[in-house]
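Reading through the structure tokens given below for one structure.
Laboratory data are not the source of any read-out in this text; all were calculated from the coordinates shown. Values in this document were obtained by computation on a predicted structure and should not be read as measured data. All Cβ positions, glycine included, derive from the backbone under ideal geometry; neighbour counts span all protein chains shown.
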Amino acid sequence: KFKDAKKVAQQCLNKCPVKVIHQFFNQSWWFMDAYHKGLIEKVAEWAVCKQKSHRRVGQCTMMSVDTMLT
């Protein structure tokens, strides 16, 4: 069964464009960075959306979040 699942997963990944996989991993990384910095769900979503053009949630965004929460 595991071999079958592995084969099907490989087939699905081969059908998916590399750009889509790249975007998924980048966005996942941004969320992990936000959660690692202590942001909660909705705030992390806002921070990631605000920082789309950057590779991580920046210090300025974190300061904005602190201001909103206090």
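Is the shape of segment 1-42 best called rounded, prolate or oblate, per the rule: a/c under 1.5 gives rounded, else a/b larger than b/c gives prolate, else oblate, with a ≥ b ≥ c the square roots of the Cα gyration tensor eigenvalues? Spell out each step's value before the answer.
Working: a/c = 4.63, a/b = 2.06, b/c = 2.24.
Because a/c hits 1.5 or more and a/b fails to exceed b/c, segment 1-42 counts as oblate.
If we sort 23-34, 4-15 on the protection proxy, mean other Cβ atoms within 10 Å, highest first, what's the order?
Packing proxy ranking, top to bottom: 23-34, 4-15.
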